[in-house]
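The values are calculated or read from the model by the stated rules, or taken from the named source; none is laboratory data. The structure presented is a predicted model; accordingly, all values stated were derived computationally and were not measured. So basically every Cβ, Gly included, is an ideal-geometry build from the backbone, and we count neighbours across all protein chains shown.
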Amino acid sequence: MTRESRHDRWHKATQRAEDAIQELINLQLEYKGWFKSIAQDFNIANTTHTKLEEVSMIHLNDAMLIIQEAMSADPPQGWGRDK
């Protein structure tokens, strides 16, 4: 049984995280568009308005910067099974 090195697992995990954050950013843009389109619609429930505003205010770009910092890290290769 071959096990991936920590180094390889690090890079694969950061790539998955970047993909997930990017998907959240894309969804957030959709929610922001929805929020803007209903901003003046008083028939929309206050709860819906509040939830859309909450999602729109999350600082996902900050999360992306952290993930990109992790992606640029070059963890040591280690020794033994970690090579």
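Listed values, structure above:
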quantity: Every residue from region 42-83 that is of a type in the set (G, A, S) and either at pLDDT 80 or above or not in a helix (DSSP H, G or I) (or both); calculated: A45, S56, A63, A70, S72, A73, G78
quantity: Hey, I21 in a helix (DSSP H, G or I) and of a type in the set (V, I, T) or not; calculated: yes
quantity: Residue count for region 1-25, restricted to those that are under 20 Å from the mean Cα position of the chain (by Cα) and basic (K, R); calculated: 3
quantity: Subset of region 1-11 [of a type in the set (D, E, K, R), surrounded by 11 or more Cβ atoms within 10 Å (Cβ to Cβ) and either within 18 Å of A63 (Cα to Cα) or in contact (Cβ under 8 Å) with a residue 12 or more places away in the chain (or both)]; calculated: R6
quantity: Identity of the residue in region 1-41, aliphatic (A, V, I, L, M) and over 30 Å from G78 (Cβ atoms), that ends up modelled with the lowest pLDDT; calculated: A39
quantity: Condition met for E30 (in contact with a Lys or Arg (Cβ under 9 Å, 6 or more places away or on another chain) and either surrounded by fewer than 15 Cβ atoms within 10 Å (Cβ to Cβ) or assigned to a loop (DSSP other than H, G, I, E, B) (or both)); calculated: no
